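S.K.: Just dropping this structure here.
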Amino acid sequence: GVTRLLLTRIPFFKEIIVSSFSCDSCSWSNTEIQSAGRIQEQGVRYTLAITSRQDMNREVVKTDCASARIPELDFEIPAFSQKGALTTIEGIIDRAVAGLEQDQPTRRVTDEEVARKIDEFIGKLRQLKEVNSPFTFILDDPSGNSFVENPHAPQRDEALVVTHYRRSPQQSAMLGLEGEEVDAKPPDAAEDLRDEVLQFNTNCPECNAPASTNMKLVQIPHFKEVIIMATNCDSCGHRTNEVKSGGAIEPQGTRITLRITDPSDMTRDILKSETCSVEIPELEFELGMGALGGKFTTLEGLLKDIRDLVEKNPFTLGDSSTPSRTGKLQEFIGKLQDVKGKSQAHFIMDDPAGNSYLQNVYAPEEDPELSVQRYERTFEQNEELGLNDMKTEGYEPEAAPGR
């Protein structure tokens, strides 16, 4: 046989490719259409109220992925069940009738009841062509390349409603626009951040050489999300880490008190924010907020950082210190070492922002050695956190009168 191709343009629509096949031996012929353009940004749905015989002659472009429905008969031609066609409303009904009649002789022999019901339905479809009563024709194409003629163009057609819509993930997958599975969960940017270590370039705070900082979002059980940032310099070997709270400032401050009774308490996780102060009453020791920065470590790790902070300060144990001060600090370091299991002490964390955390090893039950107290911040604490001048409601500037 011979196949002929024609590139043509439908007025008020777009270009299409019409292919026509004919066979001289058996006289069989067939026509198909394909869109000459790309898949559109949105899907399209045509809803036509058919009230007269003239409506049956409207031209229709139906692509492979378009579905056609007649709600009054609960009849639907699913997507990809027919090749694309350039036809009319009457032609679509005739094509559906021909498809239903194709296997009727076999059904009458094998299942007479089913064949009888299909004959009744075919009769209803043929009656539609007479338009004895109005009915609705709906053409839905996720690719946006189908078309129903408007004989009144460019004026509006009151009987035809054209609706453009955004494709669902299932429809996009059906068109081959998405490689992932249809049932897969939509991507979540927050989930991606939790599973990924972000890296950005910076300069080393010690030697100013180019270095990289790694950042990771971590969920602390029974608490909240925090951001851990670690910097490592390949030039001088300087390493530092810092912890930022991933949430907002809490409505109340938090005072956490732990009674250290066992060496196993040294393994408790600690999140110390930048606004948290640390106190050990038995040692008459207090570490103000801002010192050591934000840290996510263990209780033993924090005590080690406190010891390093004292030992590495040249004004405390260096050449500039006095013998009396050196003796007192050496005694303090010895007592701090004893806290790690030899002697009992209270470890107090006071955070006005409420963003610090000390692990409860009995969670979700209460810890007998751990107490968490919530309190209202003072004016001075709010001032230090910058909350007194912070306005989160009604900050929009009022419109000037007369404007």
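The values are calculated or read from the model by the stated rules, or taken from the named source; none is laboratory data. The model shown is predicted, which means the values in this text are computed figures rather than measured ones. FYI the Cβ positions are ideal-geometry reconstructions off the backbone, even for glycines, and counts take in every protein chain you see. Ligands, DNA and RNA are stripped out before the accessible areas are found, and what is left, the full protein with its side chains, is counted by its heavy atoms. Shrake-Rupley method; radii C 1.70, N 1.55, O 1.52, S 1.80 Å.
S.K.: What is the percent of Cα-Cα separations in segment 197-245 that go past 13 Å? Spell out each step's value before the answer.
M.R.: Values: 663 of 1176 pairs.
When all Cα pairs of segment 197-245 are counted, 56 percent exceed 13 Å.
S.K.: Right, next: Rounded to the nearest 10 Å², what accessible area does residue 289 have for a 1.4 Å probe in the complete protein model?
M.R.: Using a 1.4 Å probe on the heavy atoms, I get roughly 70 Å².
S.K.: Please give the solvent-accessible surface of residue 8 in Å², to the nearest 10, using a probe radius of 1.4 Å with every protein chain present.
M.R.: Its accessible surface works out to 50 Å², give or take rounding.
S.K.: Which Cys residues of the chain have no other Cys Cβ less than 4.7 Å away and so no disulfide-compatible partner by this rule?
M.R.: 23, 26, 65, 276
S.K.: Lysines within cross-link reach of residue 335: Cα-Cα under 20 Å, excluding same-chain residues under 8 positions apart?
M.R.: 304, 312
S.K.: Same structure, new question: Given labels modelled 7 Å from the Cα in the Cβ direction, how far is it in nm from residue 312 to residue 38?
M.R.: Here the answer is 5.6 nm between the modelled labels.
S.K.: Further question on the same structure: How long are the semi-axes of the equivalent ellipsoid of segment 1-103, defined as square roots of 5 times the Cα gyration tensor eigenvalues? Whole Å, largest first.
M.R.: 23, 20, 14
S.K.: Oh, and also: From the protein chains alone at 1.4 Å, what is the descending order of accessible area for 83, 244, 62, largest first? Please report the intermediate quantities before stating the final value.
M.R.: Numbers: 83 110, 244 75, 62 5 Å².
Solvent-accessible surface, decreasing: 83, 244, 62.
S.K.: What does the extension gain come out to for residue 161 and residue 369, with contour length at 0.36 nm per residue minus their alpha carbon separation? Mind dumping the intermediate values first?
M.R.: Values: separation 208, 0.36 × 208 = 74.88 nm, distance 7.10 nm.
Roughly 67.8 nm would be gained on extension.
S.K.: Given a Förster radius of 30 Å and the C-beta distance between residue 57 and residue 100 as r, what FRET efficiency does 1/(1 + (r/R0)^6) yield to the nearest 0.05? If you can, show how the numbers build up before the last one.
M.R.: Working: r = 23 Å, r/R0 = 0.75.
With R0 = 30 Å, the Cβ-Cβ based efficiency is 0.85.
S.K.: Continuing with the same structure: Which residues among segment 208-233 fall inside the zone where the amide N is under 16 Å from a point 7 Å beyond the Cα of residue 199, along Cα→Cβ?
M.R.: Only 210-217, 229-233 pass the distance filter.
S.K.: Moving to a separate point now. Multiplying the sequence separation of residue 224 and residue 116 by 0.36 nm and subtracting their Cα-Cα distance, what value in nm do you get?
M.R.: Numbers: separation 108, 0.36 × 108 = 38.88 nm, distance 6.68 nm.
Here the answer is 32.2 nm.
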